[in-house]
């Protein structure tokens, strides 16, 4: 009998310990997301700012900064943690999807108006494009759009459209931070297709560099999709303007349309006018 109790005690201890670890892990990930969101907004977070935001001690905030630096999410300096570099080189889907949601939803609603019955389209894996796929799913449900063929490298978009439209997942190497697929297989599959339209996001835009993204794989996917589309459409909220990410994928000459919100810099429309790019600005 005592042996049985001993085994039960060990089992209960094991379960209790694992549950505590899971809870701690979830808290850590939630804290990281809060700090990452602030970093994407401002480029850095101070130690004091983290303590106030998370309601934690200085020691806890320092440990969090250390862990985030070890994971490559930021670089610590005196009293703060910064994005890996000033060009916004890090991307995390969970953080991005919580930023500027109102603006992104308005852009997504406007983008559906560009689609026509019978279109074959490519959708990339950006969070604004994902919201666009939700609007597209509603239009298909209500039968205001018919016979739409969708190709995407986004795991999220497949789950949204899989029961509503002819949707094709373009596979490759899975990226957890973007919830998508990339690499040679992805690019080859896109290259073998022809699209009426491609809908792409961007992680940054500046007049000197053009539309940018955080990594070479994403840039090549965008370039390949544009080269194989009759029309390339960029869906990008105004907060991306005058912020350059790591890799440029277009100067704008090969873009047909940019859909954005009404907080864009006052001089931005002139740039697109010079490039011959159509611009749609949605109002709140």
TODO: Please give the FRET efficiency for residue 116 paired with residue 42, using the beta carbon to beta carbon distance and R0 = 45 Å, rounded to the nearest 0.05.
DONE: 0.65
Open item on the list: Once the cut-off is 32 Å, how many percent of the Cα-Cα pairs in the chain end up in the long-distance tail?
Closed with: 34 percent
Open item on the list: Over the Cα atoms of segment 155-284, each weighted equally, I'd like the Debye log10 I(q)/I(0) at q = 0.10 Å⁻¹, rounded to two decimals.
Closed with: -0.33
Task: Length released on extending from residue 176 to residue 146, taking residue separation times 0.36 nm less the Cα-Cα span - done: 7.6 nm
Task: Linear extension gain, residue 82 paired with residue 284, 0.36 nm per residue minus alpha-carbon span - done: 69.5 nm
Open item on the list: Rounding to the nearest 10 and keeping the result within 0 to 90°, find how far the Cα-based axis of helix 216-227 lies from the longest principal axis of the chain.
Closed with: 20 degrees
Task: Pairwise label distance in nanometres, residue 71 with residue 193, each label 7 Å out on the Cα-Cβ vector - done: 3.1 nm
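Apply 1/(1 + (r/R0)^6) to the Cβ-Cβ distance of residue 30 and residue 216, taking R0 = 30 Å, and write down the FRET efficiency to the nearest 0.05.
Details: r = 30 Å, r/R0 = 1.02.
With a Förster radius of 30 Å, E is 0.50.
For residue 59 and residue 105, what does the FRET efficiency come to when R0 = 51 Å and r is the distance between their Cβ atoms, rounded to the nearest 0.05?
Details: r = 40 Å, r/R0 = 0.78.
Given R0 = 51 Å and the Cβ-Cβ separation, E is 0.80.
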Task: For peptides 177-187, 52-62, 213-223, sequence by mean Cβ density within 10 Å, most packed first - done: 213-223, 177-187, 52-62
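Each value in this text was obtained by applying a stated rule to the coordinates, not by laboratory testing. What you are looking at is a predicted structure, and each value in this text was computed from that prediction instead of being measured. Cβ atoms come from the backbone with ideal geometry, glycine included; neighbour counts cover every protein chain shown.
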